[in-house]
Each structure stands twice: as C-alpha cells, then as structure tokens.
Amino acid sequence: MRVLLGSDHGGLRLKQEIKDLLDEMKIPYDDVGCDCDTSVDYPDYARPVAEKVARGEVDLGILICGTGIGMSIAANKVKGIRCAVVSDEFSARMSREHNNANILALGERVVGPDLARSIVRVWLTSEFQGDRHARRVQKIHDLEGCQIS
Ligand code: RB5
C-alpha cells in the first residue's frame, strides 16, 4: 500500500504526526506539501493528491487542513474520488467498509493527535465490504457530471 499526504498550513503539525504513525506502521508514503507555516490555499494540495489517487498512481490519500472540510470539498470535485472528512473511529471504519473512501480528510483544529492516529490506523486497516455497498458507490459515481436543469 502506498499513501499520499497533503496539507495546508493549518494541517502541517498533524501531518507530521501522521507521518510518524505511518513510519511506525511501515507504510510507505509521499507528501505533496505544504512544508512551511506560510498561509497557503488548500485546493492546491487537495488537487495533486486527488488526481494521483484517481489515476491509481497511489492507493489512498490523506489530506489535512484546519477542519478537513475544505480539503474534502476540493478533493471530491475530482472524478473518481470519494473523500470522507472524519473525526471519530467509527466513521473512519464505515467510510472504508461502506463508502470505499479513497481519501481521508482530517482537521487539525478538530481532532487531537492521539485521536487522529487512531482514526488513521482504523481507516488504513478497514476494507470495503462490496456487495450492496458497491451498487451504492457506483450510484455516487453516476452523479459525476450531473447537469442542473
Ligand atoms: C485555513 O485557515 C483554513 O481555512 C483551512 O485550513 C481549512 O480549515 C479549510 O477548510
């Protein structure tokens, strides 16, 4: 499994915590940035992560900003992305088992480092259950490009 990370300035410290966890779990990862405290725009980091996940160049993505919300909204604009913003372990598991989420969004200003570690650990070790959930996920993707009349 290969994971791609991205954050804005609001998620920088939590991203380092998640890198430490991935090192402990011996899961390889890359980081698209940002890498300093300067204020940046989260879509600039959501986009490369979402595109590489959607192309299958990496297996899963983790995006971190202040709330996780901006990152998730941006990532979900990319076709093929199912990004879940999560702040508890149960939702982390469900987002993989039922929704086959391929990107996890976290908010550094929402979850503390220990909870974030638990969320990531659960998210990376849960598996999609398929079956009726596969039909529902397909219906999500059928909405892509949906025109407003
Ligand atoms: C940056 O101040 C903040 O807006 C961003 O990190 C994120 O929370 C947006 O959703």
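Any read-out appearing in this document is the output of simple, stated calculations on the displayed coordinates, not a laboratory observation. As the structure is a prediction and not an experimental result, all values here were calculated from the model. With ideal geometry, Cβ positions are generated from the backbone for all residues, glycine too; neighbour counts draw on all protein chains shown.
Peptides 104-117, 5-18 ranked from most to least packed, by the mean per-residue count of other Cβ atoms within 10 Å: 5-18, 104-117. Under the rule a/c < 1.5 gives rounded, and otherwise a/b versus b/c splits prolate from oblate, where does the stretch 102-149 land using the Cα gyration tensor? Note, shape of the stretch 102-149 comes out oblate. Near residue 31, the amide H atoms lying under 5 Å from its own belong to 5; only residues 5 or more places off or on other chains count, and H is placed 1.01 Å from N.
Each listed q (0.18, 0.20, 0.21 Å⁻¹) maps to a log10 I(q)/I(0) for the chain, found by the Debye formula over equal Cα scatterers with no solvent: -1.00, -1.23, -1.35.
Which of the residue pairs 19/139; 26/79; 79/139; 52/79 have a Cα-Cα distance greater than 22 Å in the structure shown? Let's see the in-between values first.
Numbers: 19/139 34 Å; 26/79 30 Å; 79/139 13 Å; 52/79 11 Å.
In this structure, 19/139; 26/79 lie more than 22 Å apart at Cα.
With only the Cα atoms considered, the stretch 8-58 has a convex hull volume of 68 Å³ per residue.
The relative contact order of the chain comes to 23 percent, based on Cα pairs under 8 Å that sit 6 or more residues apart.
Using a Gaussian network model on the chain with a 10 Å cutoff between Cα atoms, which of 137, 122, 86 fluctuates the most? Maximum among the listed residues: 137.
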